[in-house]
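This report concerns only the one structure given below.
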Amino acid sequence: MGKLKIEDLDKISESVRKRISLREGAGKVKITVHMGTCGIAAGARNVMTAFLNEIEIHNAKDIIVVTSGCAGLCSKEPMVTIEYENQAPVKYIELNEEKVKKIFDEHVLHGKIVPEYALSIGSERIQ
Amino acid sequence: MKNYRLQLMVCAGTACVSNHSLEIKEALEREIKNHNLENEAQVVQTGCNGFCGAGPILVVQPDGIFYQLLKVTDVKQIVEEHLIKGRPVKKLLYTPPEEKTPIPKLSDIPFFAEQTLIALRNRGLIDPENIDDYIARGGYKALAKVLTSMTPDEVLNEIKISGLRGRGGGGFPTGVKWESCKKAHGDEKYVICNADEGDPGAFMDRSIIEGDPHSVIEGMIIGAYAIENVKQGYIYVRMEYPLAIKRFQIAINQAREYGLLGQNIFDKGFDFDIEIRRGAGAFVCGESTALMASIEGKPGEPRAKYIHTVEKGLWDKPTCLNNVETWANVPQIILRGGKWFASIGTGDVSEDPWGGSKGTKVFSLAGKVNNTGLVEVPMGITLRDIIFRIGGGIRDGKKFKAVQTGGPSGGFIPESLIDLPVDYEELTKVGSMMGSGGMVVTDEDNCMVDMAKYFLAFTQAESCGKCIPCREGTKRMLDILEKITAGQGTEEDLVLLEELSNAIVESSLCALGGSAPNPVLTTLKYFRDEYEAHVKDKKCPAHICRQLNTYKINEKICLEIGHGCDVCKKYCPDGAIIGERKKVHYIDPAKCGKCGACYDVCNFNAIYIE
Amino acid sequence: MVTIKIDDIEVQVPEDTPILKAAEKAGIWIPTMCYNDLIEPYGVCRLCSVEVIRGKRSRVVTSCNYPVREGISVRTNSEKIKWIRKVIMELMVSRWPNVKVVREMAEKLGIEKPRFESLEKDEAPDACILCGLCVNVCRDLVGASILGFAYRGIKREVVLPFDEITDKCIVCGACAHVCPTGHVKMIVEDYKGKKPEFTLGPKTAIYVPSMQAVPRVPVIDPESCIHFKTGGCETCAKVCEPKAINYEMKDEVVEIDVGQILVATGYDLFDASQMAQYGYGRYDNVYSSLEFEMMLNSTGPTGGKVLTKDGKEPRAVGIIHCIGSRDTNYHPYCSRVCCMYALKFAHLVHDRTNAAIYQFYIDMRAFGKGYEEFYSRLLDEGINMIRGKAAEVVEAPPVNGQQGNLLIRCEDTLIGKFREIPVDMVILCNAIEPKRDSDIIRRLFSISKSPDGFFLERHPKLDPTATTTDGVYIAGCAQGPKDIPDTVAQASSAAARILTLISRGEVEIDPVRAMVMDEYCSGCRICNNLCPYGAIEFLEDKKISHVNEALCKGCGTCVAACPSSAMTGQGFTDAQILSELEGLLI
């Protein structure tokens, strides 16, 4: 890169921000894609890839995508839980790539829940 | 474009590397490729995580899942179960001893949860061979702040307010040292980083260098700026740390490329560069005057410090030497303020720089604890908390006996004193010292006389040999200890041992001799009963000193359970076991050479020590 | 200047003076073992430890290198210090029980027996006590850095580089000089400078020529002296208290006007290594006469004892006459003195050892007063006289791997047999030769040499002390080999001749002499070198030649040579001769 100026420090920070914040486990929004056997059979992988693409296209920051096991509601797979920091998680069911787009635009980016695709708000918590 | 959603942090500190962690990293990369996850998951090598007893370690972020004791064969399962299906592999997670449920998240594991990271703030989160990672975590921001908006005096003042004291062992207030160097006559001065971590079992500095070398470099540049007239810095690394040397060199090269070392840093007209010098295998070269002699190309021997090295050091020029951990704390102090640093720890340094111990300290916890590794804790935490909360208590449910702080020159602290807060002055008061941060825990199965002999043997072998008290005195002390552990000690020997120890402490030329007798002095003070048992009763209470053991065979067990298996007789080198197959065996005390081979070999525990 | 208190005595010293020096000023003794004023204090023995009290804090420091500051108070003999010294001495005595300086210091500090044994005990009285003085002197004072410490801890020792003798060592001897135990010794095996004449043992670059030298002061050999080679060292000047050493001293050229000169320049000894058959210079125990003389001398290298090179008494000694004398290959003349001193040698060897003594001679020249009687006495003492010049000296073949002794091969003409005599030591009677620079002397004083190379006397029978040049006399072995009584006689006679002339105050000379006519002399100086008597000198201020009337013998050579006809014979000028002829013929 050549000799740095002080402003360059911030530029470098920005460019690697994403992966550093991933390591810190910090994020504004957490998207959990449920990938139990049922989920994978129903196409959860494609849903995951779709979300990842959306993040790339919109160059969105502070979003974590994690996987988890079966959520329990196998008939409604593929399922995704979107959790805003300090807010109740929202479960979305029977997803495909189009629905992912809408949910991403409205809920993830702007915080507006998309009720027609949602199952519920809140979830069981294991104490 | 790579759109990572996963960061797989593989620990690549020396300990994990020697346990094949780099092969695990390669296996991970292979499996990820096989499963088409290259664009989603990035494998990053980091420095030491600190929990070295559990290595090789993998941390999966952003989940924060902690995998331990990995083998290359485990990788496939992790990728398939966890990365793809989202199910962490239970059997590879950390399970506290005596419990059944694993703790998946790193932040929940008590070893990590109780720590406060300042010097190790980037632990496990950055690739030490990539300067961009360091910058992204706020690196070199402190340097920018210093060069744009602070005068050298202001920087110095911040360090003084923080109460930072030398982390290498002496605990000398860093602000006072920098100030003396600044005031010394001369317009050619040097800064040195002492990375010749010689204490056996201590690896704090190595961790910092292997995991976050830039923190040290940034600290040195800031120090050079504050002291003024410093154009060149040296890092003296012991040659037994090849990985650390490699990572330092890569870091320096990358910093030079970015213009953070060299001429006109950040276009602010400040020049500074760093060179690495390697040690050659002498513990005494960790002593500042011996280190400087070594850099100058002379034999590594200390000299009298009546004229301090801040006035006449390297090539007789004013030199400021600080430990790796001390330098690593500097950028944080500048960024967050000296007051913030002083708010952590004990005492009050506003009037007297020696009035308290501020900030955090990295300790290397080793010995008979469950969780061995590196911990960074705020000053003032009690020894009990470190050993039992963070360290997870004594292994195998044994009873705690003593903890040795400060490396081979430190003293042993018995149970009655472990509610002591960790603080420079408190530890010195009881006869030990903070040292570089080594903490060795002993339990009821350790013999304190043997432990003292072990540490004295180290310092005696590492003595440079220049002055009479250390060279001759420590050897005489070791001879006496050998006598005692062989069962030939007398009461006069104990008196002599104490007298020699005190004389050596008073009259040695450098701190190696001045502190070598500490293990002996503290064990004599707190565990005199063990010495007396060795000398009067000719017995070793912990059964470690084999020459004092009397080996006997429990006839009942030998006959009924062992059925006279005859194995011990085959192993006895002295022909001291009498017996025939299927009959009871006896040990003839007259012939027994006390080697303990029979004791080790009996499968039925029929042999016991009286 | 700062004021400090040492043991309640106030003393003022410059700032940064080490406590040790301040204590010296106050008259207080502090023990030291590794300290020497020549070098920077090393501070390793720790014996000089004292307590320094500054404010409320007391600290144990080494006084040799702790710089004083205003207001400190020092205790050199507190209970703590006495105890520390005791422990250190015990450590030293247990390791080096027989070293003199250690024993002496232990006695001084009241230590008898240490309370422990050292597994590294070294019972040698010249053990190395690792004080570092030799290493530091060599590095800092001399600048050669030959000695150094190797190995760590208890295994520390002083070594040469790679344990080999190096030619970078300039053999100054400073290390041996400062070593307190004698562990470092100086052994000069290959002496590089000019070998002093009577050396049988090692010498340093500064040495006293011999105990009978007059004056008996040391002299520096500039060819071996490090200071002259490197500009460094100067150890001798540093240790000389009256500061008597002056490296700038140069030869002075003194001009004195004299009327008469006595040349008594002595002789040189024939170099026997020219005669390879006698093994001089090749075999260890073959000595020249002067060397053996040195050995016999009580101030010599052996203190007067007759010993072979390896320090043992010889069982048999052979004395060979006429080495270089009476020899058509070298000097045909007889050196006159050798027979008698050879007998003296035999007598002294007989006195001091039980050796069998053999003399190999051609003729026994016992010409002087009491000489023949001495010879007879020796025959009675049982000295073996073998008439026959020794042919050669060879080394006997080694027996049982040990070096053999020497064999002298000769023909014993009295019994008519060839003999091979085994001896442990051979003494050669070297010829007396004219001095090697006698040619230079000869030309300087315009005197002649006889065919044997010694200066020529005016008349061999009637005038052995004068030369043909007036005013120049010769005496002693410069004129020819002679012993001491004869030399004294000759020298006295020459001195008397000189004194008579001086006491008379006037000289009678022949009126026949040359004279320069000043107006005609062109200053060409042809006559100056022609005069066989050196009687013509050149006057620089007048730029003309002038005849010294006392020296001129009137031979007329210059008169004939003068191109300007400026030179005439007194009373024989051309005009006078022509007038005489005129008177005769007309």
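The values are calculated or read from the model by the stated rules, or taken from the named source; none is laboratory data. Predicted model only: the values in this text are computed from it and were never measured. Every residue, glycine as well, gets a Cβ built from its backbone with ideal geometry; the counts of neighbours run over all protein chains shown. The accessibility values were calculated without ligands, DNA or RNA, using every heavy atom of the protein model including side chains. Shrake-Rupley method; radii C 1.70, N 1.55, O 1.52, S 1.80 Å.
Mind listing, in residue-number order, the residues in the stretch A:45-61 that have at least 50 Å² less accessible area with every protein chain present than in their own chain alone (1.4 Å probe)?
A:ARG45, A:LEU52, A:GLU56
Compute, for the stretch B:222-301, the length of the dipole vector about the Cα centre, with Cβ point charges of +1 (Lys, Arg) and -1 (Asp, Glu) only. Units Debye, rounded to 20.
Here the size comes out at about 240 debye.
Considering the dipole of the protein assembly as shown built from charges on the beta carbon (Lys and Arg +1, Asp and Glu -1) around the Cα centre, which of B:ALA304, C:VAL11, A:ALA41 is farthest to its positive end?
Highest projection toward the positive end goes to A:ALA41.
Per residue, how much accessible area does the stretch B:549-609 have with a 1.4 Å probe, in Å²?
Per-residue value: 61 Å².
Computed FRET efficiency, Cβ-Cβ of B:GLU560 and B:GLU444, R0 35 Å: what is it to the nearest 0.05?
That gives a FRET efficiency of 0.75.
What base-10 log of the normalised intensity I(q)/I(0) is obtained for the protein assembly as shown from the Debye formula, alpha carbons as equal point scatterers, at q = 0.06 Å⁻¹?
Listed by q, the Debye log ratios stand at -0.80.
Please compute how much accessible surface disappears when C pairs with B, both sides summed, using a 1.4 Å probe, and round it to the nearest 100 Å².
Answer for the C-B pair: about 2800 Å² buried.
Cα-Cα over 19 Å: which of A:LYS112/B:LYS105; B:LYS368/B:LYS401; B:LYS483/B:LYS538?
Checking Cα-Cα distances, A:LYS112/B:LYS105 exceed 19 Å.
May I ask for the Rg/Rh ratio of chain B, computed from Cα atoms with Rh as the Kirkwood radius, given to two decimals?
Using only Cα positions, Rg/Rh for chain B is 1.02.
With +1 on each Lys and Arg Cβ and -1 on each Asp and Glu Cβ, and nothing else charged, work out how big the dipole of chain B is about its Cα centre, in Debye to the nearest 20.
The calculated dipole for chain B is roughly 920 debye.
How high is the FRET efficiency between C:ASP126 and C:GLU392 when r is their beta carbon distance and R₀ equals 60 Å, given to the nearest 0.05?
That pair, C:ASP126 with C:GLU392, gives E of 0.90.
So what's the net charge close to C:ILE245: Lys and Arg +1, Asp and Glu -1, counting the other residues with Cβ under 15 Å from its Cβ?
Summing Lys/Arg as +1 and Asp/Glu as -1 gives -1.
Have a look at the stretch B:263-353 and give its Rg and Dmax from the Cα atoms, expressed in angstrom.
16.9, 43
Given Cα pairs under 8 Å that are at least 6 residues apart, what percent is the relative contact order of the stretch B:360-443?
37 percent
Helix-derived [θ] at 222 nm for chain A: sum -39500 (n - 2.57) over DSSP H runs of at least 4, divide by residue count, nearest 500?
Counting only the DSSP helices, I get -11000 deg cm²/dmol.
Students often forget the sequence filter, so: which aspartates and glutamates lie under 12 Å Cα-Cα from A:LYS28 once same-chain residues fewer than 8 apart are removed?
A:LYS28 reaches A:ASP62, A:GLU83, A:GLU85.
Round to the nearest 0.05 the FRET efficiency obtained for B:GLU80 and A:GLU56 when R0 = 35 Å and r is the Cβ-Cβ distance.
Approximately 0.90, to the nearest 0.05.
Projected onto the charge dipole of the protein assembly as shown (+1 at Lys/Arg Cβ, -1 at Asp/Glu Cβ, origin at the Cα centre), which of C:ALA174, B:LEU291, C:HIS546 gives the Cα projection farthest towards the positive end?
Farthest towards the positive pole: B:LEU291.
In the stretch C:438-493, with Lys and Arg counted as +1 and Asp and Glu as -1 at Cβ, which of these residues, C:ILE484, C:PRO460, C:SER446, has the Cα nearest the positive end of the dipole, that is, farthest along it?
Result: C:SER446.
Using a 1.4 Å probe on protein heavy atoms only, how many Å² of accessible area do B and A hide from each other, summed over both chains and rounded to 100?
Buried surface at the B/A interface: approximately 3200 Å².
Could you give the spread of the C-alpha atoms of chain C along their three principal axes, from largest to smallest, in whole angstroms?
The principal-axis extents, from largest down, are 129, 75, 43 Å.
Modelled label-to-label distance, B:ASP574 and C:ARG377, 7 Å Cα→beta-carbon offset: nm?
Modelled inter-label distance: 8.1 nm.
Go ahead and estimate [θ] at 222 nm for chain C from helices alone: -39,500 (n - 2.57) per DSSP H run with n ≥ 4, summed, over the residue count, rounded to 500.
-6500 deg cm²/dmol
Would you mind counting up the charge near B:LEU243? Only other residues with Cβ under 11 Å from its Cβ, with Lys and Arg at +1 and Asp and Glu at -1.
0
Just give the residues from the stretch C:39-53 buried by at least 40 square angstrom of accessible area in the all-chains context relative to the isolated chain, probe 1.4 Å, and say none if nothing qualifies.
C:VAL44, C:ARG46
Check the stretch C:269-433 and count each lysine pair with an alpha-carbon distance under 25 angstrom, considering only pairs eight or more places apart or from different chains.
So the count of such lysine pairs works out to 6.
Identify all lysines with a Cα-Cα distance to B:LYS570 below 17 Å; exclude those on the same chain that are fewer than 8 residues away in sequence.
Correct list for B:LYS570: B:LYS552, B:LYS582, B:LYS583, B:LYS591, B:LYS594.
How tilted is helix C:484-504 with respect to the longest principal axis of chain C? Cα atoms for both, answer in degrees (0 to 90, nearest 10).
That works out to roughly 60 degrees.
When the Debye formula is applied to the Cα atoms of the stretch B:360-443, each taken as the same point scatterer, what base-10 log of I(q)/I(0) results at q = 0.13, 0.20 Å⁻¹?
Here the Debye-derived log intensity ratios amount to -0.32, -0.79.
Of the listed pairs A:LYS99/B:LYS85; B:LYS305/C:LYS80; C:LYS25/C:LYS100; A:LYS3/B:LYS268; B:LYS525/C:LYS155; B:LYS177/B:LYS475, which have alpha-carbon separations greater than 24 Å here?
From the list (A:LYS99/B:LYS85; B:LYS305/C:LYS80; C:LYS25/C:LYS100; A:LYS3/B:LYS268; B:LYS525/C:LYS155; B:LYS177/B:LYS475), the Cα-Cα distance tops 24 Å for C:LYS25/C:LYS100; B:LYS525/C:LYS155; B:LYS177/B:LYS475.
With every protein chain present, what is the per residue accessible area of the stretch C:514-585 (1.4 Å probe, Å²)?
Per-residue value: 63 Å².
Go through the stretch B:412-426 residue by residue and turn each phi into a ³J(HN,Hα) via Karplus (6.51, -1.76, 1.60, θ = phi - 60°); whole Hz please, and just put x for glycine and proline.
Going residue by residue, I get 8, 10, x, 4, 4, 10, 7, 8, 4, x, 6, 7, 4, 6, 4 Hz, with x marking Gly and Pro.
Tally Lys and Arg at +1 and Asp and Glu at -1 over the other residues with C-beta under 9 Å from the C-beta of B:PRO353: what net charge comes out?
Counting the neighbours of B:PRO353, the net charge comes to 0.
How tilted is helix B:448-462 with respect to the longest principal axis of chain B? Cα atoms for both, answer in degrees (0 to 90, nearest 10).
Helix B:448-462 and the main axis of chain B meet at about 50 degrees.
Just give the residues from the stretch B:252-274 buried by at least 40 square angstrom of accessible area in the all-chains context relative to the isolated chain, probe 1.4 Å, and say none if nothing qualifies.
B:TYR258, B:PHE266
Quick one: dipole size for the protein assembly as shown, taken about the Cα centre, charges +1 on Lys/Arg Cβ and -1 on Asp/Glu Cβ, in debye to the nearest 20.
Value, rounded to 20: 3580 debye.
Give the long-range amide H neighbours of C:GLU234: residues separated by 5 or more places, or on another chain, with amide H under 5 Å away, using H modelled in the peptide plane at 1.01 Å from N.
Placed amide hydrogens put C:HIS227 under 5 Å from C:GLU234.
Show me, for the stretch B:505-514, the HN-Hα J-couplings you get by feeding each phi into the Karplus relation (A = 6.51, B = -1.76, C = 1.60, θ = phi - 60°), rounded to Hz, glycine and proline as x.
4, 6, 10, 6, 6, 10, 6, 5, x, x
Determine the share of chain C's accessible area contributed by carbon and sulfur atoms, expressed in whole percent, with a 1.4 angstrom probe.
With neighbouring chains kept in place, the figure for chain C is 52 percent.
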